[in-house]
Amino acid sequence: MRRMTTLVLALYAVVASLCALPSVAAAANVWFPPDWKEKAPQAKAIADALAAKSGVPVQPRIAKSYPEILEAFASGDQNLVYVGSFVQAIIKDRGLGTPLAQAVNGKELYAGIMVYPKGEDPAAILAGAPEQIAYALGASSGESCAKAATGGKAAVGVPSHGAACNAVKAGKAKAAMVKNWWWEGNKDKFPELAVYEVPGISLVKNPDNVLTASKAVPADLAKKLADAALASTEAFGAPQMAPFDAASLEFSLELMRKGNIDPKTYSW
């Protein structure tokens with residue numbers, strides 16, 4: 001009997017010691033947009049930096065499509081995403097996540113500007129042919145701005161800003177809405193196009209490069225990941241990382257409302 005009691009006490013001590021060990025945080029995925037397949041090394045560097053500085057295993061995932069990101073965020077798994085305002089606005093409106101940090105590089109806010117054939121009247125194009133405005137699907141500077149500027153009538157959806165400009169160049173669209181920073185780097189390719197800032201629409205108020213955690217990430221873990229992001233400027237390729245306030249997405253959501261885009265039901 002004494003031997004049995006000793007064994008039970010020993011077993012209890014082992015179990016108690018195991019229970020006292022610190023729990024290992026479940027791994028998290030950090031998602032990147034589909035076009036990041038060309039920046040896979042940086043995606044890995046960001047994931048590695050977050051893992052090293054937070055103590056949380058983090059795996060990089062480059063999405064095949066934007067719906068894949070939203071599906072992941074709606075699941076019970078721990079997910080992060082590093083993406084711009086269109087997806088971030090949907091996540092905010094659906095209550096799927098909590099923003100953690102933003103890369104501050106001088107282009108952390110952007111606008112959608114209208115490009116049109118030189119010599120034509122941009123206001124007349126908007127008024128007379130609103131359905132013939134081209135835009136990049138799933139972009140605040142593309143789809144949201146185009147729809148907002150035309151009361152939801154813009155109808156030439158294309159995969160990218162470059163495709164939107166090419167649609168105008170080829171006569172398949174009367175004009176296009178594109179990202180201002182994208183235009184600065186690509187305008188020399190389209191010498192036949194001019195720029196128009198649509199009043200109330202072409203405002204530099206859409207946030208870019210925001211890291212957000214899904215609701216499945218516990219608050220204490222989210223703080224560790226936020227702190228890790230703030231300390232990982234080199235991995236993010238930005239001079240500074242700053243905390244991000246979800247209220248900064250209100251303008252992007254306002255564009256959606258003006259353009260009759262419902263963030264709760266939108267799909268690509």
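The values are calculated or read from the model by the stated rules, or taken from the named source; none is laboratory data. This structure is a prediction, so every number in the text was calculated from the model and none was measured. Cβ: placed from backbone, ideal geometry, glycine included. Neighbour counts: every protein chain shown. Quick note on the areas: whole protein, heavy atoms, side chains included, nothing else; ligands and nucleic acids left out. Shrake-Rupley method; radii C 1.70, N 1.55, O 1.52, S 1.80 Å.
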- Between Gly112, Gly97, Gly162, which gets the highest mean-square fluctuation from a Gaussian network model of the chain, Cα cutoff 10 Å? Gly162
- Query: Sequence-distant or interchain residues sharing an amide H contact under 5 Å with Ser65, placed H: which?
  - Reply: none
- Item | Cα gyration tensor shape for region 204-258, rounded if a/c is under 1.5, else prolate or oblate | oblate
- With +1 on the Cβ of every Lys and Arg and -1 on the Cβ of every Asp and Glu, the dipole magnitude of region 33-182 about its Cα centre, in debye rounded to the nearest 20, is 220 debye
- Message: In whole percent, and with a 1.4 Å probe on the protein chains, what portion of the accessible area of the chain is carbon and sulfur?
- Response: 56 percent
- Glu38-Ala194 pseudo-label distance in nm [points 7 Å out on the Cα-to-Cβ vector]: 3.0 nm
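Placing +1 at every Lys and Arg Cβ and -1 at every Asp and Glu Cβ, with all other atoms neutral, what dipole size does the chain have around its Cα centre, in debye to the nearest 20?
640 debye
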- Using only the Cα atoms of the chain, build the gyration tensor, take square roots of its eigenvalues as a ≥ b ≥ c, and label the shape rounded, prolate or oblate: rounded if a/c is under 1.5, else prolate if a/b is larger than b/c, else oblate. prolate
- Find which of Ser75, Asn206, Asn105 sits farthest along the positive direction of the dipole of the chain, computed with +1 on the beta-carbon of Lys and Arg, -1 on that of Asp and Glu, about the Cα centre. Ser75
- Going through region 58-146, which trypsin sites (Lys or Arg not before Pro) have at most 12 other Cβ atoms within 10 Å and a DSSP loop state? Lys64, Lys118
- Long-range share for region 133-258, i.e. C-alpha pairs more than 17 Å apart as a percent of all pairs, stands at 64 percent
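Summing Lys, Arg as +1 and Asp, Glu as -1, what charge do residues with Cβ under 13 Å from the Cβ of Lys147 carry, Lys147 excluded?
Numbers: positive: Lys153, Arg257, Lys258; negative: Glu131, Glu143, Glu254, Asp262.
In short, -1.
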- What is the local net charge at Asn166, summed over the other residues whose Cβ is closer than 10 Å to its Cβ (Lys, Arg +1; Asp, Glu -1)? +3
- Task: Please tell me which of these pairs span more than 25 angstrom C-alpha to C-alpha: Lys179/Lys258; Lys39/Lys153; Lys39/Lys258?
- Result: Lys39/Lys153; Lys39/Lys258
- Message: I want to verify a result. In a Gaussian network model of the chain, Cα cutoff 10 Å, which of these has the top mean-square fluctuation: Ala163, Ala49, Ala213?
- Response: Ala163
- Assign one of three labels to region 36-85, namely rounded, prolate or oblate, based on the Cα gyration tensor with a ≥ b ≥ c the square roots of its eigenvalues; rounded applies when a/c is under 1.5, prolate when it is not and a/b is larger than b/c, and oblate otherwise. oblate
- In Å², nearest 10: area of Lys172 left accessible to a 1.4 Å probe: 150 Å²
